[in-house]
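Notes follow the structure.
Computed from the coordinates by the stated procedures, all read-outs in this text should not be read as laboratory data. Note that the structure is predicted; figures quoted are calculated from it, not measured. No Cβ is skipped: glycine too gets one built from the backbone with ideal geometry, and neighbour counts run over all protein chains shown.
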Number of protein chains: 2
Amino acid sequence: MRIVIFLFDGVTALDAVGPYESLARIATSEVRFVSREAGPVRTGDGFLALNADAQFDDIGEADLLIVPGGNVRGIRAVLGDPATLDWLRVIDATTRWTASVCTGSLFLDAAGLLTGRRASTHWRARAMLANYSPERVTIDGKYWTSAGVSAGIDLGLLLCAEIAGREVAEAIELSMQYDPQPPFGTGDFTSAATAERVAIIERELRR
Amino acid sequence: MRIVIFLFDGVTALDAVGPYESLARIATSEVRFVSREAGPVRTGDGFLALNADAQFDDIGEADLLIVPGGNVRGIRAVLGDPATLDWLRVIDATTRWTASVCTGSLFLDAAGLLTGRRASTHWRARAMLANYSPERVTIDGKYWTSAGVSAGIDLGLLLCAEIAGREVAEAIELSMQYDPQPPFGTGDFTSAATAERVAIIERELRR
């Protein structure tokens, strides 16, 4: 089970690490982090680098491709880079499953892979997908796309069940002690208070 | 707001990335990943390296120290390394908050920082803490300790509220779309089926 996770400058760390953390626990899985060039890849805030052990040239196929999202600058750079979109198409042509977290679905769409398919993305990017799905994880054919950031954990566990069976996935969920207690209950963007919170995001948070 | 996250060979990536992902969104925060020596630090499965931009010599103080857990080999190495336990004590003496995720609390305890205090840890390590608390996040004085792996996300958001106020923390929870849907509902170790799942963890999952 060859799992390939794409990295790029500006990536959101939890988008990549969320599904990795469950899928790497399957004994038969091999996970490789891949970027255009091998080496440290910085997150959007610059505080963390995840290492890409491999680069595009090294990886020509995968059983499962996972595409995380990132910050606005990182998204724009990927969307404007034909070499990255080409590589995503090449790998996708070999996969049993192609998955994305957060705005990673915008890259799959730009590569022409989501045409006519329903897909999830970060709620703030939903206008950018023609067939946006509000589901936390949307499955359309071999394309498994998830909503923003933390939704990659749910995606990863669902993929664990698909790959290794439900009992193994249940055990992985237990090993990650995934019994979440969101402290504020504000993660759902359909709340009436979302507009006020978006104002705080725009005004007060780091981009 | 100087946030320092400790890394070590064998670290569990989500333990470190979970709280980082929320705390880095506070505009005034600066996050530094620190290990005994600077450079790439491998997770327990070896598939991912998180970069430590700083080493112990570089960092003598912090407002918030975060200590993640790891696999058995990694835990043993840290517990047997007096230089690491010394450094944890030195930094802790300067913090407003000292926090841990998963088995990271074992390091704080070994450094003598949790004596007489209630603390959380990964449920499978609960016998290793004299004053184990089954809460997902336990606050005892300035020590904020969380349960296993994914509990670090809840810890991070609670710390965001403590540092930047509840409204900012609510906005961060929304920006991370943290409206979790655990696929199997098996993350709580008090379930009657836990013994069977532990057998699967022991027999079938990667360590």
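7 Å from Cα along Cα→Cβ at both A:Thr94 and B:Glu135: what's the point-to-point distance in nm?
Going from the A:Thr94 label point to the B:Glu135 one covers 5.0 nm.
If you count the DSSP beta bridges with both ends in chain A, what percent of them are antiparallel, to the nearest 5?
Bridges in chain A that DSSP calls antiparallel: roughly 30 percent.
Give me B:Leu14, B:Leu79, A:Leu64 ranked fewest to most by other Cβ atoms within 10 Å of their Cβ, as a rough exposure proxy.
Placing the least packed residue first, the sequence is B:Leu79, A:Leu64, B:Leu14.
Which far-off residues, 5 or more places away or on another chain, put their amide H under 5 Å from the one on A:Arg32, with H placed in the peptide plane?
A:Ile3, A:Val4, A:Ile5
Tell me which of A:Thr190, A:Ala27, A:Trp97 sits at the most positive position along the dipole axis of chain A, charges placed on C-beta atoms (Lys, Arg +1; Asp, Glu -1).
Positive-most Cα among the choices belongs to A:Thr190.
How large is Rg/Rh for chain B, to two decimals, with Cα atoms and a Kirkwood Rh? Write out the running numbers ahead of the final one.
Working: Rg = 16.3 Å, Rh = 17.2 Å.
Expressed as Rg/Rh, it is 0.95.
Using a Gaussian network model on chain B with a 10 Å cutoff between Cα atoms, which of B:Ser105, B:Ser191, B:Ser175 fluctuates the most?
B:Ser191
Where does the charge balance sit around B:Ala110 when Lys and Arg score +1, Asp and Glu -1, over other residues with C-beta under 13 Å from its C-beta?
So the surrounding residues net to -2.
Work out the length of the dipole vector of segment A:130-207 about its Cα centre, built from +1 on the beta-carbon of each Lys and Arg and -1 on the beta-carbon of each Asp and Glu, and round it to the nearest 20 debye.
Computed charge dipole of segment A:130-207: roughly 340 debye.
Between segment B:155-207 and segment A:130-160, what is the separation of their alpha carbon centroids in Å?
Rounded to whole Å, the Cα centres lie 18 Å apart.
Tell me the relative contact order for chain A as a rounded percent, counting alpha carbon contacts under 8 Å between residues six or more apart.
Details: 400 pairs, mean separation 41.5, N = 207.
Relative contact order of chain A: 20 percent.
Under a point spin-label approximation (7 Å from Cα along Cα-to-Cβ), what is the B:Asp86-A:Ala199 distance to one decimal in nm?
Roughly 5.3 nm, to one decimal.
Once the Cα gyration tensor of the protein assembly as shown is found, what semi-axes does its equivalent ellipsoid get, as square roots of 5 times the eigenvalues, in whole Å, sorted largest first? Present the calculation step by step, with values, prior to reporting the outcome.
On the way: eigenvalues 196, 106, 90 Å².
Each semi-axis is the square root of five times an eigenvalue, giving 31, 23, 21 Å.
Work through the residues other than A:Trp97 whose Cβ is under 14 Å from its Cβ and net out their charges, Lys, Arg +1 and Asp, Glu -1.
Cβ neighbours under 14 Å give a net charge of -1.
Would you calculate the separation in nanometres between label points at A:Arg206 and B:Arg126, each defined as 7 Å from the Cα along the Cα-to-beta-carbon direction?
3.5 nm
Post the alpha-carbon centroid distance, segment B:25-45 to segment A:57-73, in whole angstrom.
Between the Cα centre of segment B:25-45 and that of segment A:57-73, the gap is 23 Å.
Take each complete run of DSSP H in chain B, measure how far its Cα atoms stretch along the helix's own axis, and keep only those covering 18 Å or more with mean Kyte-Doolittle hydropathy at least 0.0; list them.
Working: long enough: B:151-164 (20 Å, 1.74).
Both cut-offs are met by B:151-164.
Quick check for me: using +1 on Lys/Arg Cβ and -1 on Asp/Glu Cβ, what's the dipole size of segment B:2-204 about its Cα centre, in debye to the nearest 20?
Here segment B:2-204 has a charge dipole of around 460 debye.
Any idea what the B:Asp57 label distances to the other copies are, label 7 Å down the Cα→Cβ vector, nm, shortest first?
Counterpart label points of B:Asp57 in the remaining copies fall at 3.5 nm.
Within segment B:151-178, find all residues whose amide N lies under 18 Å from a label point positioned 7 Å from the Cα of A:Asp188 along Cα-to-beta-carbon.
B:170-178
Skipping prolines and chain starts, which residues have an amide H placed within reach, meaning under 5 Å, of the one on B:Ala52, given they are 5 or more residues away or on another chain?
Those lying under 5 Å, H to H, from B:Ala52 are B:Gly39, B:Val41.
Using the 10 angstrom Cβ neighbour count as an exposure proxy, how do A:Leu129, B:Leu23 rank, fewest first? Present the calculation step by step, with values, prior to reporting the outcome.
Values: A:Leu129 20, B:Leu23 25.
Ranked by crowding around the Cβ, least crowded first: A:Leu129, B:Leu23.
Among A:Ala119, A:Ala164, A:Ala99, determine the one that fluctuates most according to a GNM of chain A built with springs between C-alpha atoms less than 10 Å apart.
Looking only at A:Ala119, A:Ala164, A:Ala99, the biggest GNM fluctuation is shown by A:Ala164.
Rank A:Leu155, A:Ala130, A:Leu113 by how far each Cα sits towards the positive end of the charge dipole of segment A:2-181 (+1 on Lys, Arg Cβ; -1 on Asp, Glu Cβ) and give me just the farthest.
Final value for the positive-end residue is A:Ala130.
Please check: in the Gaussian network model of chain A (C-alpha springs, under 10 Å), which one of A:Thr28, A:Thr190, A:Thr94 has the largest mean-square fluctuation.
A:Thr190
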